[in-house]
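The values are calculated or read from the model by the stated rules, or taken from the named source; none is laboratory data. Here the structure is a predicted model, which is why all the values come from computation and not from measurement. Here Cβ is always computed from backbone atoms with ideal geometry, including for glycine, and neighbour counts include all displayed protein chains.
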Amino acid sequence: MSTTLSCDPHASYRSVWSKKPMLRRVYEDYYRRIAAACVAGETIEIGSGIGQLKSFIPTAISSDIQHSPMIDVVADAQNLPFRSGAISNIVMLDVLHHIEFPLLFFREAERVLRGGGRCVMIEPAITFGSTLFYRLIHPEPVRMKATPFAEGLPNPTRDPYDSNQAIPTLLATRDRLRFERTFPNLEFVDVSWFSFWVYPLSGGFKRWTLMPEFLGRRLLVLEKGIESALGRIFGFRTMIVLQKRAD
Ligand SMILES: C[S@@+](CC[C@H](N)C(=O)[O-])C[C@H]1O[C@@H](n2cnc3c(N)ncnc32)[C@H](O)[C@@H]1O
């Protein structure tokens, strides 16, 4: 590995990003959804990676547990370096399912958000239509028997890419009631299911793609048109928006 790569854990992601217009189109849609769900005020992105959110929310503060030249602050989602009640939006794209103890993150989110502030997350959705892809083709595990409520001390030597892709879906479905009881101040204001085959066929951050841009662009429009009817059954993505109740 070159010196540049070892100093910048996200360098290979950035290189793929610059070479794949289809990937950028898919993510543009995600960032627009995130920006539209935010409320006015200070926005913190957690697990920013290559930090593209700033093109859509220029004032956002980017952070990640890994140091890199692309981010403003090194921060662990489980122990956030922000004052209580100081933040209007916490946004995350593909991060919740990488956090070792999601329960610790939600305690921190509840603490740092102001009344009316939001936590906006876009994550993998494990649905009838996506489950085979995520289980057999995507390299990260899908453990539907796990719990987002595990307690523990974060392991400082853990690989930040360790994951369980099932966590967001469990939170939005099987464990939603338990979440609402555990965090009565964090209210679900939206759970949506969307994004079908364009994203997996784009190859994501892999170097290959099976989806030429001209076709992908048209299919993305079609996907938007069917998401409200078919997203819950066939979608590959979920957006979860939580809002802290006003004081
Ligand atoms: C799959 S990447 C997503 C990066 C970026 N959001 C994107 O969509 O391109 C997951 C990111 O979460 C970060 N991460 C993992 N655990 C974290 C934690 N406990 N706190 C903050 N960031 C974390 C990783 O370092 C990595 O950059």
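If you filter segment 43-70 down to residues that are within 10 Å of the ligand (Cβ to nearest atom) and not in a loop (DSSP other than H, G, I, E, B), you find that the one that is surrounded by the most Cβ atoms within 10 Å (Cβ to Cβ) is 45.
When we screen 85, 116 for residues that are more than 25 Å from residue 202 (Cβ to Cβ), outside any strand (DSSP E or B) and either among the hydroxyl-bearing types (Ser, Thr, Tyr) or at pLDDT 95 or above (or both), the only hit is 85. Close contacts from segment 178-191, counting a first residue that is under 20 Å from residue 120 (Cβ atoms) and a second that is in a strand (DSSP E or B) and of a type in the set (Ser, Thr, Tyr), with Cβ to Cβ under 9 Å and a gap of 6+ residues or different chains, come to 191/238.
Within segment 186-205, the set of residues being of a type outside the set (A, V, I, L, M), surrounded by fewer than 22 Cβ atoms within 10 Å (Cβ to Cβ) and assigned to a strand (DSSP E or B) comprises 187, 188, 190, 192. Residue pairs whose Cβ atoms lie under 7 Å apart, sitting 6 or more positions apart in sequence or on different chains, and linking a residue in segment 196-209 that is free of Cβ contacts under 8 Å to residues at least 24 places away in the same chain to a partner that is surrounded by 17 or more Cβ atoms within 10 Å (Cβ to Cβ), are 201/211. Flag: residue 143 matches the condition of being without any contact (Cβ under 8 Å) to a residue 60 or more places away in the chain, under 18 Å from the mean Cα position of the chain (by Cα) and either under 26 Å from residue 245 (Cβ atoms) or surrounded by fewer than 21 Cβ atoms within 10 Å (Cβ to Cβ) (or both). Taken over segment 88-103, the criterion of being in a helix (DSSP H, G or I) and crowded, with 20+ Cβ neighbours inside 10 Å is satisfied by 96, 97, 98, 102. Evaluated against (1) surrounded by fewer than 20 Cβ atoms within 10 Å (Cβ to Cβ); (2) touching a residue at least 24 places away in the same chain (Cβ under 8 Å), residue 35 falls short on exactly one condition, (2).
Of all residues in segment 83-99, those satisfying the criterion of being more than 9 Å from the ligand (Cβ to nearest atom) and of a type outside the set (A, V, I, L, M) are 83, 84, 85, 88, 89.
Can you confirm whether segment 16-25 contains a residue that is under 22 Å from residue 117 (Cα atoms) and more than 9 Å from the ligand (Cβ to nearest atom)?
Checked segment 16-25: no residue is under 22 Å from residue 117 (Cα atoms) and more than 9 Å from the ligand (Cβ to nearest atom).
When segment 73-82 is limited to residues that are surrounded by fewer than 24 Cβ atoms within 10 Å (Cβ to Cβ) and part of a loop (DSSP other than H, G, I, E, B), the one that is farthest from the ligand (Cβ to nearest atom) turns out to be 82. Selection of segment 221-240 for residues being buried (at least 20 other Cβ atoms within 10 Å of the Cβ) and not hydroxyl-bearing (Ser, Thr, Tyr) yields 223, 231, 234, 235, 236, 237, 239, 240. Within the set 106, 133, 128, the sole residue that is outside any strand (DSSP E or B), touching a strand residue (DSSP E or B) at 6+ places or on another chain (Cβ under 9 Å) and more than 10 Å from the ligand (Cβ to nearest atom) turns out to be 106.
Being small (Gly, Ala, Ser) and within 16 Å of the ligand (Cβ to nearest atom) is the filter; apply it to segment 197-226 and report the residue that is farthest from residue 24 (Cα to Cα). Across segment 197-226, the extreme among qualifying residues is 203. For residue 34, the test of being over 15 Å from residue 106 (Cα atoms) and within 11 Å of the ligand (Cβ to nearest atom) is passed.
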